[in-house]
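Written out below as structure tokens is the structure these notes cover.
None of the figures in this text is laboratory data; all of them are computed from the coordinates on show. Treat the numbers as computed from the prediction; the structure is a model and nothing was measured. No Cβ is skipped: glycine too gets one built from the backbone with ideal geometry, and neighbour counts run over all protein chains shown.
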Amino acid sequence: MKKLLLIISIGLLSGCSTGIVSMDTGTYMVASVSNWPHVTIFRTGSGQKAEVYEDANRFCNSANKDVETLDIKLRDGITFIKPASAELDFRCVDRTVTK
């Protein structure tokens, strides 16, 4: 029973990602939204930021490249009204170019 409660709690606090979306040639976007607006006291735009960077890094690392941020938008949630979110526009660059 305790394990089930733990699994449900983790699910409630985790976010939902759009996955990587191609925008223009060589540029991509990924967004993440917290799952439950009523628990946004635990989720901020900065909390969602980690999720979008994890997705972007996984995507670029698969091509042996690094993430270069073009733009990032963070929105804190409002309890019972709207969920926290983050949106990252990026491109993958050769590792030798990254500082």
* For Gly77, enumerate residues with amide H under 5 Å from its amide H, sequence gap 5+ or separate chain, H modeled in the peptide plane. => Gly45, Ala84, Ser85
* Stretch gain in nm, segment Ala63-Asn35, where the contour uses 0.36 nm per residue and the Cα spacing is subtracted -> 7.1 nm
* Asked: Ranked highest first by the average count of other Cβ atoms within 10 Å around their residues, in what order do 19-31, 55-67, 82-94 fall?
  -> 82-94, 55-67, 19-31
